[in-house]
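Visitor: Sharing a structure below in structure tokens format, with a few things to ask.
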Ligand code: GDP
């Protein structure tokens, strides 16, 4: 990485900002694009690549959101993500970038894939319907990397993170993922501004990885991996949503009862990655779930916890 120009696409997001933090110690030049370079616009992306000529590209830009947002904005989740991937991946080829890392998601795997889900479960069955739009776009991104490797010899790789969380997360209750939503709700319950409502039954199982661990894994993959297989990046730390809510309540110090809202969807019953391939490449996570939730809550407080009025 030393001396290389490394472009982090999506540097304002939770993952992109963690990557920028992580790359600081690598002796590389981190490049970011201004907000006006809308990555859905091919001409703007081509122009930016021509002017900046990155050696390495990390594609962390995406339209993302939790279970409710995915279900309610299917066109945006499909179109925006396809457009971003096509434009950035092709511009990287056109400008002869040495390496590109595409970031996917564990929701690319079939809803009923055997657990834990290994990389070869891809495209072996139907997807979970609540996020299939996003998943289809991400599968297309993996396939683009594989196709560009085969046809053009590009060293384009993919990583599939499990559910990520950490500083810079989205705490808007309508569009966030479960962990930031629970942190916010527990906080509001603690200060007497709401109850601690958990969507669904509480029984789905999820695996969580702190975004700083993920950024570290990305750098490890850039240095050590060249291949077609989209590499899973998980923590192996699986909890039920009910257990997670209790853990968050303990850490935040919210004493109230948990209320379950059965009108909200559970989504896929279980989503655990098999990360043994990555372990074989020499990488394992360092941040425990309890440590990660505590530091994310601190960051939430330090950034000025959102007020009750923007609660949806
Ligand atoms: P998923 O992993 O793609 O299903 O996405 P989410 O992180 O949005 O949801 C994970 C699980 O947490 C689902 O079973 C949700 O129903 C459950 N959940 C419980 N409370 C909440 C909440 O307040 N927000 C969200 N987004 N999910 C919640």
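The values are calculated or read from the model by the stated rules, or taken from the named source; none is laboratory data. Computed from a predicted structure; not experimentally measured. All Cβ positions, even for glycine, are placed from backbone atoms using ideal geometry, and neighbour counts span all protein chains on display.
Visitor: Does residue 311 satisfy the criteria of being at pLDDT below 95 and more than 24 Å from residue 26 (Cα to Cα)? Quick ask: steps written out before the conclusion?
Guide: Numbers: at pLDDT below 95: yes; more than 24 Å from residue 26 (Cα to Cα): yes.
Yes.
Visitor: Take residue 77 and decide whether it is within 16 Å of the ligand (Cβ to nearest atom) and touching a residue at least 40 places away in the same chain (Cβ under 8 Å). Before you say what the answer is, go through the steps one by one.
Guide: Details: within 16 Å of the ligand (Cβ to nearest atom): yes; touching a residue at least 40 places away in the same chain (Cβ under 8 Å): yes.
Considered against the rule, which asks whether it is within 16 Å of the ligand (Cβ to nearest atom) and touching a residue at least 40 places away in the same chain (Cβ under 8 Å), residue 77 comes out as yes.
Visitor: Right, next: Find all pairs meeting these conditions: Cβ atoms under 6 angstrom apart; at least six residues apart or on different chains; first residue within region 84-109 and more than 17 Å from residue 150 (Cβ to Cβ); second residue assigned to a helix (DSSP H, G or I) and within 16 Å of the ligand (Cβ to nearest atom).
Guide: Here the result reads 104/138; 105/138; 107/131; 107/135; 108/135; 108/138; 108/139, each pair linking region 84-109 to a residue that is assigned to a helix (DSSP H, G or I) and within 16 Å of the ligand (Cβ to nearest atom).
Visitor: I would also like to ask the following. Return yes when residue 161 is within 15 Å of the ligand (Cβ to nearest atom), touching a helix residue (DSSP H, G or I) at 6+ places or on another chain (Cβ under 7 Å) and assigned by the TED database to the domain that holds residue 128 and no when it is not.
Guide: When the stated conditions are applied, residue 161 passes them.
Visitor: Follow-up question, since we're still on this one. Go through region 256-269 and report how many residues are surrounded by 17 or more Cβ atoms within 10 Å (Cβ to Cβ), more than 8 Å from the ligand (Cβ to nearest atom) and more than 24 Å from residue 296 (Cα to Cα).
Guide: 0
Visitor: When only residues in region 223-255 that are within 15 Å of the ligand (Cβ to nearest atom), touching a residue at least 60 places away in the same chain (Cβ under 8 Å) and assigned to a loop (DSSP other than H, G, I, E, B) count, which is surrounded by the most Cβ atoms within 10 Å (Cβ to Cβ)?
Guide: 234
Visitor: From the residues in region 284-297 that are out of contact with any strand residue (DSSP E or B) (no Cβ under 8 Å at 6 or more places or on another chain) and part of a loop (DSSP other than H, G, I, E, B), which one is surrounded by the fewest Cβ atoms within 10 Å (Cβ to Cβ)?
Guide: 286
Visitor: Let me ask you something else. Residue 135 fails exactly one of the following numbered conditions: (1) part of a helix (DSSP H, G or I); (2) in contact (Cβ under 8 Å) with a residue 40 or more places away in the chain. What is the number of that condition?
Guide: Evaluating residue 135 over (1) part of a helix (DSSP H, G or I); (2) in contact (Cβ under 8 Å) with a residue 40 or more places away in the chain leaves (2) as the failure.
Visitor: So, in region 62-79, of the ones that are part of a helix (DSSP H, G or I) and more than 19 Å from residue 141 (Cα to Cα), which residue ends up farthest from the chain's Cα centre (by Cα)? Quick ask: steps written out before the conclusion?
Guide: The initial filter retains those residues of region 62-79 that are part of a helix (DSSP H, G or I), namely 67-72, 74-79.
Within this subset, residues satisfying the condition of being more than 19 Å from residue 141 (Cα to Cα) are 67-69, 71-72.
Values: 67: 13, 68: 16, 69: 15, 71: 17, 72: 19 Å.
Across region 62-79, the extreme among qualifying residues is 72.
Visitor: To continue, here is another question. Restricting to region 178-215, and then to whatever is part of a loop (DSSP other than H, G, I, E, B) and modelled with pLDDT of 90 or more, can you tell me which residue is farthest from the ligand (Cβ to nearest atom)?
Guide: Narrowing region 178-215 to residues part of a loop (DSSP other than H, G, I, E, B): 191-195, 200-204.
Within this subset, residues satisfying the condition of being modelled with pLDDT of 90 or more are 191, 200-204.
Working: 191: 17, 200: 4, 201: 8, 202: 7, 203: 8, 204: 4 Å.
Once the filter is applied, the top-ranked residue is 191.
Visitor: Check off (1) buried (at least 23 other Cβ atoms within 10 Å of the Cβ); (2) away from the ligand (no atom under 16 Å from the Cβ) for residue 134 and give me the number that stays unchecked.
Guide: So residue 134 meets the others, but not (2).
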